[in-house]
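The values are calculated or read from the model by the stated rules, or taken from the named source; none is laboratory data. What you see is a predicted model; the values in this text were computed from it and never measured. Positions of Cβ are generated from backbone atoms using ideal geometry, with glycine treated the same way; all protein chains shown enter the neighbour counts.
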Amino acid sequence: MASRLLWASRAASYLRISAFHRGFSTVIKDLKYADTHEWVKVDGSSATIGITDHAQDHLGDVVYVELPEVGATVAQGKNFGAVESVKATSDVNSPISGEVVEVNSELVGSPGLVNGSPYENGWIIKVKLSDAGELNSLMDSNQYSKFCEEEDAKH
C-alpha cells in the first residue's frame, strides 16, 4: 500500500510539472541581455553571444543555425545570422559590436544544442569587442526577467 501511494504522489508531481511547461525561463546573473533575446558574456575584450532560454523556448526545436564567417564584423542591434526552428526562422542580432573571432561549428551538426544548452554548449559566436561602452545599453538579468514577463503578458 505504501509503495502505491508513493508512486501516485510521484506521478502527480510529474504531471504537475509537465502540465505547466516552464513558466519562467532561466536567466543567468552575470550576462547582459538585448531586448531581441540575445545574451552576451564578456571576458576581458572578448564576448560570447547566443540566444536566451526564453528565445529558444518560444522558437521550439531548432533545426538549423546560420553562422557568420570568422573575421566578419558585427554591429550592435544588427543581424548576423539566423536560427531556424520547426515553427519559424528568427534573425539573430548582435548585442554588441566587434569582430567575429570564433563560431560554434558544433551547431552545424547539432543545432539542438541551442535548445538544450542555450548558455553553455549552444553559444553562437565569439566576438572581439570594439566598444565596451555598448554594454551599458543592455539589460542585466533582473531587467531582462521583468522584460520577458511583461512581453509574455501581452501575448
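Values computed for the structure shown
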item	result
Test result for residue 128, surrounded by fewer than 17 Cβ atoms within 10 Å (Cβ to Cβ), touching a residue at least 60 places away in the same chain (Cβ under 8 Å), of a type outside the set (A, V, I, L, M) and farther than 18 Å from residue 33 by Cβ	yes
Residue among 100, 83 that is under 16 Å from residue 63 (Cα atoms), β-branched (Val, Ile, Thr) and buried (at least 19 other Cβ atoms within 10 Å of the Cβ)	83
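Table: residues versus (1) at pLDDT below 95; (2) in a loop (DSSP other than H, G, I, E, B); (3) over 14 Å from residue 123 (Cβ atoms); (4) not aromatic (Phe, Trp, Tyr).
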site	(1), (2), (3), (4)
3	yes, no, yes, yes
8	yes, no, yes, yes
35	no, yes, yes, yes
40	no, no, no, yes
50	no, no, no, yes
71	no, yes, yes, yes
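The rows are residues; the columns are (1) closer than 15 Å to residue 25 by Cα; (2) of a type in the set (S, T, N, Q); (3) touching a Gly at 6+ places or on another chain (Cβ under 9 Å).
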| position | (1), (2), (3) |
| --- | --- |
| 94 | no, yes, yes |
| 113 | no, no, yes |
| 116 | yes, no, yes |
| 128 | no, no, yes |
| 132 | no, no, no |
| 145 | yes, yes, no |
